[in-house]
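> What follows is a single structure, and I will ask about it in a moment.
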Amino acid sequence: MNVIVLSAVWGVVMMFSGLFIADKSKAKYVAITGLLVLLVSNYFDLHHKFLFAYSIGNMLQFDSFGMIFVTIALLSTLLYVLLSGSAVEKVGNHAYEYFALLFFVLCGVGIAASYNNLLMLFLGIEIISIPLYILTGADKRNLKSNEASLKYFLMGSFSTGIMLLGIVLLYGATGTFSLTISSVSKASENIMISAGVILMAIALAFKVSAAPFHFWTPDVYDGAPTVFTSFMATVVKAAGFIAFVRLFENAFGGMTDVWQYTIALIIAATLVAGNITAVFQQSVKRMLAYSSISQAGFMLFAVYSINAFAKEGILLYAAAYCLATIGIFAVLIKMKDFTFEGFNGLAKQQPLLALLVSIFVLSLAGIPLTGGFLSKYYMVLSSIKAGGLLWLVITAMLCAAVSVYYYFRLIQAMYFKEGDANAVDVNPRFKALLVVAAVLIILLGVYPNALLLDWFHIL
Amino acid sequence: MLALLLILIPLITGVAAFFIKNEKSVKTWALVASLVTLIVSLWSLMHQDNYHSVFSKEWLPDLGSSFSLGLDGMGRMLTLLTGIAFPVIFIATSKSTYKDSNQFFGLMLLSQAGLMGVFLATDLLLFYFFWELALIPVYFLCSKWGGERRIPVTFKFFIYTFLGSLIMLVGILYVYYINPEKSFSMASLYNYTFGHRAQSILFWMFFLAFAIKMPIFPFHTWQPDTYEQSPTATTMVLSGVMVKMGLFAVVRWLLPLFPEAAHGNDNIVIGLSVVGMIYASCIAMVQDDLKRLVAYSSIAHIGLMCAALFAGNSIGIQGVMVQMFNHGINIIGLWVVVELTERQFGTRKMSELGGIAQKAPALAIMLVIIALANVSLPLTNAFVGEFLMFNGLYQFNVWYTVIAGLSIILAAIYTLNMIQKVFYGNTNSVTANAVDINWNEKLVLAVIVVLIFAMGVYPKPMIELTQASVNSLVSIFK
């Protein structure tokens, strides 16, 4: 619980340090210090020892599911800042403000991972979204960045409206904002509740870019400065899923008949739309945008099945997906050309970098021995356990096979095609960090218990 | 413990090979590593007690999967084949030079680790891990060191087999979900009888993956292209050992888990196999490229093995066991000859070759013996296997046997035709300056020829080795 407060406080500290420190290249060190402070306080949070306590009036609930996710989000953000912190400074003149906004996003992530009340869900999602609207448009002189920002803002506000309408309907039917709606008898016969549930599903599907509410994603991800796309596609997206799973498990778990089939259709649409469109992309950045949509399709399985496997699985998925995607983006930022051709022959110039990107890509494609495989496995397993639909599982597998096509184009470009692609200013520290990420991905794929899943039972 | 060593040795030496930059030393390193693996696999033949052949450790308790390995008769036979194949391949291709040779040999050894894992795993999920793990290095080997059209061809190969594997993965999930123990271990799955409906669906999910890997008609379209485009050393791995993964998986998992569905669908599978045999043999007859000829001939042979497996009687299955080993030896022998020919003359086109026997008698003699084994002439190893398999198929249905029998005649036609075109007749400008093979090539071919005769004349040890596997399979299958 301290993490939520401290991240907001550190956001303010970041802004003010911008006033006193003229050198903008110092910004990332302030941010790293802040993240370390957050990690320390998170460590105490995990063991239920708080630096300072305050009354939360049952609005938030700190269970192991949410807290482990916050840990993953903080570690991913730390990795992200360490890898791409200097790229943040290059976006514009307001380096300190950019980092401050990232801390505000983390505050929202903390709330979205531990809310126990529909209002807090709304607050969490909004605290995440508003800084992102600004960060998307951070490249002020770039028309594409402006367009993306406006588009994101308009579409985002629209979906927020839908979420509020859903909350209002649920409140009207039950008279409470807390997540105890499912205890209302015969919930599924109450049309207000059913409508509210579906509206909530639509609003959250928008936030996690699930089809058919995904159309903003490629444009926004493509238009935003690459370094912020990396953050949006990983930590933020995963937080959306945690909020999604929390809501549907705690509030709507008792009325699966109302929404489960709708979610199944959304999953199928997301997988097909994301994967098929990704095949035709020429730019790696846009391909990653569509790949994030298709990965969202897999993560939605956790919402579909809401059981123990789903919760463990989504945590594993979040960790594996964040590590791999942050890694690929970190390398992408260093490239001159964002098309697939831009990667031609990278293995010759940067053998280690090419190997690491290959590991990240293999993980995203879900090849065994990587965290990506095991997390997809957990997702599908959980849906089968929830009495899964065979057609849905088969669709998912076919889509996974399609995804190999576009992920492996990157490997082909790096290893088998002739070219002289090179990454600019890659230092040993950068490589070492990527090696750590790759090792973590493989450990997650080979022995996830020690690293992640056992914590779920211990805490 | 030996089971674990069989995986660990190629795995560790493979990773280490990436760091040996000198081409000569990495070649030696790979050869020594593969010889050590061979010694361990021979050793495992001597020590058949539990301590040596079983290894188990907790792995993913939440998922009900454990890291368990075990060696049974069939596993010993196939790990022995894998153990023999790699040193033979390394010696036979020792003259070839590769760009980034450290990566090449590293990946070769890693693929050996994957193959060993497939043959050893006694846990279904672990089996799936190794199944995929064997594929990844081969994908890189083919796409990096292959022929001109390597990138699209190996991509097709990869997506094809990966799709099959994914469908199998869904099957594995359902197997886990349906069985009450929620376990992947072979023993508990063998004890559980799946319901009728579940069997009929799961059977096809697994069969698809195995059929693509073997490959069985009509899932074979990736195979001739991939064999043609891959570097020969990799083609040897693919055809000598890797296709056995499909057959092995049928024996280890498909038939024991879903015997009822296997019985119900035996006519479809055998029908497909027999059609594939004739089809592949006919295409082999009109090939001009040596590699494609051997590739199609391999489809025909695998088809017979698959048919004999599904005939479901002990004599046929015994034949398959023997033939899995023998086919591996023979086809590697054929590839060695193709490799030697191509390296010397720079072409694989039969129409451009001819008269090599005059200049290279030793090579010609070796080739004729291996080719005759490919036609399964008596006294050669393939005869034993094919005789048993045809016998088994005959007990199942006469007509299948008659049609399948045609493939023997067709095999004789294309094989003898190949010998004639390549080795006899007059020399031309390409082959005029042919030189005979040197001592290490002779050594490799001699080992293969000796194995061909030894297994052909005295197949008893091999039959005894796999007897127990056959018996247990037949008892489940009945």
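The numbers here are math on the coordinates, done by the rules we state, and not lab data. Worth saying up front: this structure is predicted, and the values here are computed from it rather than measured. FYI the Cβ positions are ideal-geometry reconstructions off the backbone, even for glycines, and counts take in every protein chain you see.
> Please state the relative contact order of segment B:266-478 as a whole percent: Cα pairs under 8 Å, 6+ residues apart? Please report the intermediate quantities before stating the final value.
Values: 314 pairs, mean separation 64.9, N = 213.
Result for segment B:266-478 is 30 percent.
> While we're here: Angle check, please: helix B:290-311 long axis (alpha carbons) against the longest principal axis of chain B (alpha carbons), in degrees 0 to 90, nearest 10.
Tilt relative to chain B: about 30 degrees.
> May I ask for the angle, rounded to the nearest 10°, between helix B:73-92 and the longest principal axis of chain B, with both axes built from Cα atoms and the value confined to 0 to 90°?
So the inclination is approximately 30 degrees.
> Let me ask something additional. So what's the projected area for the protein assembly as shown, the Cα convex hull averaged over all directions, in nm²?
With every direction weighted equally, the projected area is 38.6 nm².
> For chain A, return all DSSP H helices satisfying: extent of Cα atoms along own axis at least 30 Å; mean Kyte-Doolittle hydropathy at least -0.5.
Taking the DSSP H segments of chain A (at least 30 Å long, mean hydropathy at least -0.5), we get A:64-91, A:143-174, A:256-279, A:284-305, A:308-334, A:390-415.
> Please give the length that would be gained between B:S200 and B:I159 if that part of the chain were fully extended, namely 0.36 nm times their separation in residues minus their C-alpha to C-alpha distance (nm, one decimal).
Result for the pair: 12.2 nm of gain on full extension.
> What net charge is computed for the residues neighbouring B:Q323, neighbours being all others with C-beta under 11 Å from the C-beta of B:Q323, Lys and Arg scored +1, Asp and Glu -1? Before the final figure, lay out each step's value.
Details: positive: B:K244; negative: B:E386.
Once all neighbours under 11 Å are counted, the net charge is 0.
> For segment B:14-84, which trypsin sites (Lys or Arg not before Pro) are in a loop by DSSP, counting at most 16 other Cβ atoms within 10 Å?
Filter output for segment B:14-84: B:K21.
> Could you give the length gained on full extension between A:Y171 and A:F44, defined as 0.36 nm per residue of separation minus the Cα-Cα distance, in nm?
That pair, A:Y171 and A:F44, stretches by 42.2 nm at full extension.
> Just to be sure I follow the definition: excluding the sites themselves, where is the longest run in chain A that has none of the chymotrypsin sites (Phe, Trp or Tyr not before Pro) in a DSSP loop with at most 12 other Cβ atoms within 10 Å? Before the final figure, lay out each step's value.
Working: sites that count: A:F52, A:Y54, A:F280.
Here the longest segment lacking exposed loop sites spans A:55-279.
> Can you give the longest stretch of chain B with no exposed loop site, where a site means GluC sites (Glu not before Pro) in a DSSP loop (not H, G, I, E or B) with at most 15 other C-beta atoms within 10 Å?
That gives B:182-478 as the longest site-free run.
> Give the calculated FRET efficiency between B:R343 and A:Y405 to the nearest 0.05, with a Förster radius of 56 Å applied to their Cβ-Cβ distance.
Plugging the Cβ-Cβ distance into 1/(1 + (r/R0)^6) gives 0.95.
> Now for a separate question. Label A:D454 and A:E147 with points 7 Å out from Cα along Cα→Cβ: what is the distance between them in nm?
5.2 nm
> Distance between the C-alpha centers of segment A:201-251 and segment A:312-329? Whole Å please.
Between the Cα centre of segment A:201-251 and that of segment A:312-329, the gap is 14 Å.
> Taking square-rooted eigenvalues a ≥ b ≥ c of the alpha carbon gyration tensor, is segment A:50-133 rounded, prolate or oblate, where a/c under 1.5 means rounded and, failing that, a/b exceeding b/c means prolate?
Verdict is prolate for segment A:50-133.
> What full-extension length gain, to one decimal in nm, is calculated for A:I198 and A:F280 as 0.36 nm per residue of separation minus the Cα-Cα distance?
On the way: separation 82, 0.36 × 82 = 29.52 nm, distance 3.20 nm.
Gain in length upon complete extension: 26.3 nm.
> In bins 5 Å wide, starting from 0, what share of all Cα pairs of segment B:34-159 does each bin hold, as a percent?
Result returned by the calculation: 2, 10, 16, 19, 18, 14, 10, 7, 3, 1.
> Then there's this: What angle do you read, to the nearest 10 degrees and between 0 and 90, between the alpha-carbon axis of helix B:2-17 and the longest principal axis of chain B?
It works out to around 50 degrees.
> Further question: Do any chymotrypsin sites (Phe, Trp or Tyr not before Pro) in segment B:258-353 lie in a loop, going by DSSP, with at most 11 other beta-carbon atoms within 10 Å of their beta carbon, and if so which? List each step's numbers first, then the result.
Values: sites: B:Y279, B:Y296, B:F310, B:F325, B:W335, B:F345; in loops: none.
Qualifying residues, ordered by number: none.
> Based on the alpha-carbon gyration tensor of segment B:266-478, what equivalent-ellipsoid semi-axes (square roots of 5 times the eigenvalues) come out, in whole Å, largest first?
Working: eigenvalues 223, 75, 26 Å².
Equivalent ellipsoid of segment B:266-478: 33, 19, 11 Å, largest first.
> Please report the Cα spread of segment A:2-458 along all three principal axes, rounded to whole Å, starting with the longest.
Cα spread of segment A:2-458 along its principal axes, largest to smallest: 66, 55, 45 Å.
> Rank these for me by crowding, A:D257, B:D72, B:D49, A:D45, going from fewest to most other beta carbons within 10 Å.
By the 10 Å Cβ count, ascending, the order reads B:D49, A:D257, B:D72, A:D45.
> Also, I was wondering about something else. Take B:E23 and A:W391, extend 7 Å from each Cα along the Cα→Cβ direction, and tell me the distance between the two endpoints in nm.
Going from the B:E23 label point to the A:W391 one covers 5.7 nm.
> Could you calculate the FRET efficiency of A:T180 with B:S429 from 1/(1 + (r/R0)^6), where r is the beta carbon distance between them and R0 is 56 Å, rounded to 0.05?
0.05
> So which of B:K57/B:K213; A:K90/A:K140; B:K24/B:K99; B:K95/B:K359; A:K376/B:K144; A:K151/A:K336 end up more than 18 Å apart, counting from Cα to Cα?
Among B:K57/B:K213; A:K90/A:K140; B:K24/B:K99; B:K95/B:K359; A:K376/B:K144; A:K151/A:K336, the Cα-Cα distance tops 18 Å for B:K57/B:K213; B:K95/B:K359; A:K376/B:K144; A:K151/A:K336.
> Right, something else. Modelling each spin label as a point 7 Å along the Cα-to-Cβ direction, I'd like the B:V15/B:D62 distance in nm, to one decimal.
Label at B:V15, label at B:D62, 2.4 nm between them.
> So what is log10(I(q)/I(0)) for segment B:116-254 at q = 0.08, 0.21 1/Å, when the Debye sum runs over its Cα atoms only?
After summing over all Cα pairs, the log10 values are -0.22, -1.23.
> I would also like to ask the following. Would you mind checking segment B:271-289 for residues with the amide N under 15 Å from a putative spin-label position 7 Å along Cα→C-beta of B:E148?
Within reach of a label on B:E148, which here means backbone N under 15 Å from a point 7 Å along Cα→Cβ, segment B:271-289 contributes B:289.
> A follow-up question, please. Compute the FRET efficiency between A:S25 and B:K99 as 1/(1 + (r/R0)^6), taking r as their Cβ-Cβ distance and R0 = 45 Å, and round to the nearest 0.05.
With a Förster radius of 45 Å, E is 0.60.
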